[in-house]
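Step one of this worksheet: look at the structure below.
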Amino acid sequence: AWRDLLYASGGDLELRKCFYYLLHWYWDEGFAKPLFVEEFPYQLMIRDGDKYTPIVQKEVHEFHRTLGVHMNLLCHMDDEFRFVKAKADRYALLTQQSAFSRHETELAYWTSYGPSLGYSHCVTTFTPKQCNRIEQKAIAAFLQRSGFPKTFPRAMVFGPISHGGKGFRTGYIEQGVA
């Protein structure tokens, strides 16, 4: 039905990119557990002209990048954590190697680093410890390039500008308000 609607409006599905999850729970000693694909073998087919094309069924624990976020159906964030951590570490390295002035470094924090890492905050559920691990190197690099020691008190780094802080935002708080 969805494909027919797209086709009627001049669009189409990219079948090689299509997949689906099928979540079916069973009870094992009082705990709900999802069935694996081989335990619940149903095949979804989409009509493609005169033939039917099978759509890939993913395991509920299998990660997939959808709209820029690495998740699985069970909402585990392991892949997303590794992805965001690598991105933050890359920002740290590039910031340390940059020839930016102090002002340009702060501008890069607000206009590039923050929005880039914050993109997935509305769906992530990282712990405070995970958020600290993600941002630790990058915050230190931004501080150093802005003329502050990397050991600058974090209460001042993340404190409000109105109270003498730098106004930087922690990932943990940002994901809570996204």
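Structural remarks
- Evaluation of residue 123 against the conditions (1) crowded, with 20+ Cβ neighbours inside 10 Å; (2) hydrophobic (A, V, I, L, M, F, W, C); (3) modelled with pLDDT under 95 shows that the sole unmet condition is (1).
- Test: residue 13 is in a loop (DSSP other than H, G, I, E, B) and surrounded by 10 or more Cβ atoms within 10 Å (Cβ to Cβ): yes
- Cβ-Cβ under 7 Å pairs, at least 6 apart or on other chains, the range 66-81 side closer than 20 Å to residue 34 by Cα, far side part of a helix (DSSP H, G or I) and charged (D, E, K, R): 70/79; 70/80; 71/80
- Those residues of the range 162-178 which are touching a helix residue (DSSP H, G or I) at 6+ places or on another chain (Cβ under 7 Å) and among the hydroxyl-bearing types (Ser, Thr, Tyr), in sequence order: 170, 172
- Taking the range 24-58 as the range and being open to solvent by less than 70 Å² (accessible area, probe 1.4 Å) and either assigned to a strand (DSSP E or B) or in contact (Cβ under 8 Å) with a residue 24 or more places away in the chain (or both) as the test, the residues that pass are 28, 32, 34, 46, 48, 53, 55, 57, 58.
Quick grid of which residues meet (1) hydrophobic (A, V, I, L, M, F, W, C); (2) under 28 Å from residue 76 (Cα atoms); (3) at pLDDT 95 or above:
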site: 137; (1), (2), (3): no, yes, yes
site: 150; (1), (2), (3): no, no, no
site: 154; (1), (2), (3): no, no, no
site: 173; (1), (2), (3): yes, yes, no
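- Number of residues in the range 65-94 that are open to solvent by less than 70 Å² (accessible area, probe 1.4 Å), of a type outside the set (Ser, Thr, Tyr) and either in contact with a Leu (Cβ under 9 Å, 6 or more places away or on another chain) or assigned to a helix (DSSP H, G or I) (or both) equals 13.
- Selection count where residues are within 17 Å of residue 92 (Cβ to Cβ), polar (S, T, N, Q), part of a helix (DSSP H, G or I) and open to solvent by 70 Å² or more (accessible area, probe 1.4 Å), scope the range 128-171: 3
The values are calculated or read from the model by the stated rules, or taken from the named source; none is laboratory data. Keep in mind the model is a prediction, meaning the values are calculated, not measured. In this analysis, Cβ positions are derived from the backbone assuming ideal geometry, glycine residues included, and neighbour counts consider all displayed protein chains. SASA here: full protein model, heavy atoms, side chains in, ligands and nucleic acids out. Shrake-Rupley method; radii C 1.70, N 1.55, O 1.52, S 1.80 Å.
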